[in-house]
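The values are calculated or read from the model by the stated rules, or taken from the named source; none is laboratory data. Predicted, not measured: the structure shown is a model, and the values here were computed from it. Positions of Cβ are backbone-derived with ideal geometry, glycine not excepted, and every protein chain shown enters the neighbour counts.
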Amino acid sequence: MHRFKIGERGQKMFWLHGPEREHLVRVLRLAPGDKVIGFDNSGGEWLGEVEQIYPESVGIRIVGEHYPEVEAKSSVYLVTGLAKGDKLEWVVQKGTELGMAGLVPLRAKRSVVRLEGDKARERVKRWGKIAAEAAKQCQRVREPVIYPVSAWAELRELLPEVTQWVIPYEDEQALHLSQALAELDRSLPLAILIGPEGGFEPEEVSWASDFLAARAVTLGPRILRAETAALATLTIALSQWGDLG
């Protein structure tokens, strides 16, 4: 059954607007009487029957509601250095499928890509659309938050104050990610700092340790690409904390 993000919801009806309305009407060519599922990032989903198609919206009568346990039991965020090409698009899409709570694009010193102003806002908007589509595809009921392109000094203000931080770093040899996770509180949010191509500068790792209390960890003896490291660490965290696998 087709899923849509709800634009507005009442006790007996919900409505689709904008691209969701256009997708139902012009792409799928659904008609009154067809059944769909709607979600609104509140944690639930609503079974509905198309009742009326208006010029600017679609009115759908609610015939059932459900609160599925599909969201990750632990809130894990990715904070990823800006990378070239479509690498972050890949991380956003697959991270959404895996269950990330959100993603912060980070201006790191070794980032080749520089995003500022309108260009940064447009890119974040695109990543948000990718996350929304991925959330529908994998039947999540909450889309991950895609934060603005940010600097190091802004990180503490973006995520909850109680967030725990880890930073995979190639020069760390002793503490493995799995060991760090075992020592952290899975009831609190976790943010994983992932470098761009070329990784983080040593002073960035020191800053994360001093100001975020981030723990440097190793992912093993092989050097991973930035997008691989992001998805691998997310998978390890959600698996070790009881959601995947």
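Please determine, by comparing only the residues of the stretch 136-151 that are out of contact with any Leu (no Cβ under 8 Å at 6 or more places or on another chain) and not in a loop (DSSP other than H, G, I, E, B), which one is surrounded by the most Cβ atoms within 10 Å (Cβ to Cβ).
By that ranking, first place goes to Lys136.
Any residue in the stretch 39-59 that is farther than 17 Å from Lys5 by Cα, out of contact with any strand residue (DSSP E or B) (no Cβ under 8 Å at 6 or more places or on another chain) and surrounded by 14 or more Cβ atoms within 10 Å (Cβ to Cβ)?
no
Rundown of residues vs (1) without any contact (Cβ under 8 Å) to a residue 24 or more places away in the chain; (2) on the phi < 0 side of the Ramachandran plot; (3) touching a Phe, Trp or Tyr at 6+ places or on another chain (Cβ under 8 Å), yes/no style:
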| position | (1), (2), (3) |
| --- | --- |
| Ile146 | no, yes, yes |
| Ala151 | no, yes, no |
| Glu161 | yes, yes, no |
| Gln164 | no, yes, no |
| Ala174 | no, yes, no |
| Glu183 | yes, yes, no |
| Arg215 | no, yes, yes |
| Thr235 | no, yes, no |
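Give the number of residues within the stretch 172-181 that are aliphatic (A, V, I, L, M), within 23 Å of the chain's Cα centre (by Cα) and more than 17 Å from Val162 (Cα to Cα).
In the first step, residues of the stretch 172-181 are kept if they are aliphatic (A, V, I, L, M); the result is 174-175, 177, 180-181.
From what is left, the residues that are within 23 Å of the chain's Cα centre (by Cα) are 177, 180-181.
Subsequent filtering for residues that are more than 17 Å from Val162 (Cα to Cα) retains 177.
Residues flagged as aliphatic (A, V, I, L, M), within 23 Å of the chain's Cα centre (by Cα) and more than 17 Å from Val162 (Cα to Cα) within the stretch 172-181 amount to 1.
Which numbered condition trips up Ala120, out of (1) out of contact with any Phe, Trp or Tyr (no Cβ under 8 Å at 6 or more places or on another chain); (2) at pLDDT 95 or above; (3) aliphatic (A, V, I, L, M)?
Going through (1) out of contact with any Phe, Trp or Tyr (no Cβ under 8 Å at 6 or more places or on another chain); (2) at pLDDT 95 or above; (3) aliphatic (A, V, I, L, M) one by one, Ala120 breaks only (2).
Taking Gly18 as the residue in question, decide whether it is in contact (Cβ under 8 Å) with a residue 60 or more places away in the chain, out of contact with any strand residue (DSSP E or B) (no Cβ under 6 Å at 6 or more places or on another chain), of a type in the set (Gly, Ala, Ser) and not assigned by TED's automatic domain parsing to the domain that holds Glu97.
Values: in contact (Cβ under 8 Å) with a residue 60 or more places away in the chain: no; out of contact with any strand residue (DSSP E or B) (no Cβ under 6 Å at 6 or more places or on another chain): yes; of a type in the set (Gly, Ala, Ser): yes; not assigned by TED's automatic domain parsing to the domain that holds Glu97: yes.
Spelling it out, it is not the case that Gly18 is in contact (Cβ under 8 Å) with a residue 60 or more places away in the chain, out of contact with any strand residue (DSSP E or B) (no Cβ under 6 Å at 6 or more places or on another chain), of a type in the set (Gly, Ala, Ser) and not assigned by TED's automatic domain parsing to the domain that holds Glu97.
Matching residues to (1) out of contact with any Gly (no Cβ under 8 Å at 6 or more places or on another chain); (2) closer than 21 Å to Phe200 by Cα; (3) in the same structural domain as Glu122 (by TED's automatic domain parsing); (4) not polar (S, T, N, Q):
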| position | (1), (2), (3), (4) |
| --- | --- |
| Gln139 | yes, no, yes, no |
| Tyr147 | no, yes, yes, yes |
| Leu155 | yes, yes, yes, yes |
| Gln164 | yes, yes, yes, no |
| Gln173 | yes, yes, yes, no |
| Leu184 | yes, no, yes, yes |
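So for the stretch 152-162 (the condition being over 30 Å from Gly7 (Cβ atoms), assigned to a loop (DSSP other than H, G, I, E, B) and modelled with pLDDT of 95 or more), does at least one residue qualify?
Step one: filter the stretch 152-162 for residues over 30 Å from Gly7 (Cβ atoms), giving 152-156, 161-162.
Within this subset, residues satisfying the condition of being assigned to a loop (DSSP other than H, G, I, E, B) are 161-162.
Cutting the leftovers down to modelled with pLDDT of 95 or more gives us 162.
Yes, the stretch 152-162 contains a residue that is over 30 Å from Gly7 (Cβ atoms), assigned to a loop (DSSP other than H, G, I, E, B) and modelled with pLDDT of 95 or more.
Where residues in the stretch 186-233 are assigned to a strand (DSSP E or B) and of a type in the set (Gly, Ala, Ser), which of them is nearest to the chain's Cα centre (by Cα)? Lay out the reasoning, then the answer.
Residues of the stretch 186-233 assigned to a strand (DSSP E or B): 190-194, 215-218.
Those left that are additionally of a type in the set (Gly, Ala, Ser): 191, 216.
Values: Ala191: 12, Ala216: 22 Å.
The extreme case among them is Ala191.
What's the number of the condition Ala182 fails, among (1) touching a strand residue (DSSP E or B) at 6+ places or on another chain (Cβ under 9 Å); (2) farther than 27 Å from Asp86 by Cβ; (3) in a helix (DSSP H, G or I)?
Result: Ala182 fails condition (1) only.
Filter the stretch 163-179 for residues that are outside any helix (DSSP H, G or I) and among the polar types (S, T, N, Q); which is nearest to Gln240 (Cα to Cα)? Break it down into steps so the answer makes sense when it comes.
If we filter the stretch 163-179 for residues that are outside any helix (DSSP H, G or I), which is where we start, we get 163-176.
Then keep just the ones that are among the polar types (S, T, N, Q); that gives 163-164, 173.
Values: Thr163: 18, Gln164: 15, Gln173: 20 Å.
Once the filter is applied, the top-ranked residue is Gln164.
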